[in-house]
1. Using the Cα gyration tensor of region 4-73, with a ≥ b ≥ c the square roots of its eigenvalues, what is the shape: rounded (a/c below 1.5), prolate (a/b larger than b/c) or oblate (neither)?
2. Could you tell me which label, among (1) 1.15; (2) 0.95; (3) 1.04, carries the value of Cα Rg over 2.2 N^0.38 Å calculated for this structure?
3. Note the full-extension length gain between T298 and Q123 as 0.36 nm times their separation in residues minus their Cα-Cα distance, in nm to one decimal.
4. For the residues K179, K296, K269, what sequence is obtained by ranking on other C-beta atoms within 10 Å, fewest first?
5. Placing +1 on the Cβ of each Lys and Arg and -1 on the Cβ of each Asp and Glu in region 1-86, which of Y67, Y43, L57 has its Cα farthest towards the positive end of the resulting dipole?
6. When a/c is below 1.5 the answer is rounded, else prolate if a/b is larger than b/c, else oblate, so apply that to region 161-268 with a ≥ b ≥ c taken from the square roots of the Cα gyration tensor eigenvalues.
7. Out of the DSSP beta bridges found with both residues in the chain, what percent are antiparallel (nearest 5)?
8. Based on Cβ point charges of +1 for Lys and Arg and -1 for Asp and Glu, what charge dipole magnitude is obtained for the chain about its Cα centre, in debye rounded to the nearest 20?
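The numbers here are math on the coordinates, done by the rules we state, and not lab data. All values reported here derive from a predicted model rather than from experimental measurement. Don't worry about glycine lacking a Cβ; one is built from the backbone with ideal geometry, like all the others, and counts go over all protein chains shown.
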Amino acid sequence: MADRRLQVFHAVAEHLSFTRAAEALFMTQPAVTFQIRQLEEQYDTRLFERRRGGIALTRAGELVFSYAQRILGLGDEMDTRLAEMTGDVRGVLPLGASAMVAECLMAGVLVDFSARYPQVRPQMVVANSEEIASRVAGHTVAIGLIEAAARQPGLTCDICRDDELAMICAPAHPLAGMKKVGPRALAGHDYVSREPGSATREMVAGYFRDNRVPPEGLRTPMELGSPEAIKAVVATGLGFSIMARTLAAREVQLGTLLAISLNPPLRRKLYLIQPEDRFQSRLVGAFVQFARQQLKDTA
């Protein structure tokens, strides 16, 4: 229902590439360029600027992009509500998840949910917890699954899972023979950390701080934005990391990593967040109920 030019602009802005946007929209690149030119002529302003190696949004483009996300989201919501008048659960389901949740937990949830509701089309944005909370607050995704309670006002934040965190290391690491390990013992070794903005990073920093080990004093040779990347690096012997024990279960079973309990223990909660002032469609309600049960059952 939304203006086609706005849909094309949104695709280009998301991919920051005319070529990839054309592929995603099943259009030719000249057709995409023409639609963007028309939109720029309508508003008499440049929406993109060319930079070395690609394109970037101008300030006007950033403004249009923020409105395009909301306009297209409202269009999807309208389609969903109209479908519900016939009793169907169908439509686009815009989701957001932190990297850990997306990589390690959401695949099974989405596969099973799609099997139950084949007319639903999930669309998932993956970013750190802070970014996902901002997207939910801005109504560009309907539901977020993150690893820390959201700080933004206007959001409901419900715990749907509770996991134990453990220290992970390679079998040849100097701490590999310990049954439990404390913050002071860890402080003498290289720590492979998550990136700034990660809820796990903040949680681990708070854990060290609470146990009188300044996190800024830790030797941190590497910061990575993915649990999978961290596990691969740690398996080579370059330091230790801290993550949910369930995330390393496969590698522990294969013998490439060890998971050692922390002393004192550290637990992480998984939060499901939604806008508190937003209409909850039958589709969103069905997913929330389904995801809560699935995540609880697999904890």
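1. Judged from the Cα gyration tensor, region 4-73 comes out rounded (a/c under 1.5).
2. Here the calculated entry is (1).
3. Taking 0.36 nm per residue and subtracting the Cα distance, the gain is 60.8 nm.
4. Fewest-to-most Cβ neighbours within 10 Å comes out as K179, K296, K269.
5. With unit charges placed on the Cβ atoms, the residue in question is L57.
6. Because its axes are fairly even, with a/c under 1.5, region 161-268 counts as rounded.
7. Percent antiparallel among DSSP bridges in the chain is about 60.
8. Computed charge dipole of the chain: roughly 580 debye.
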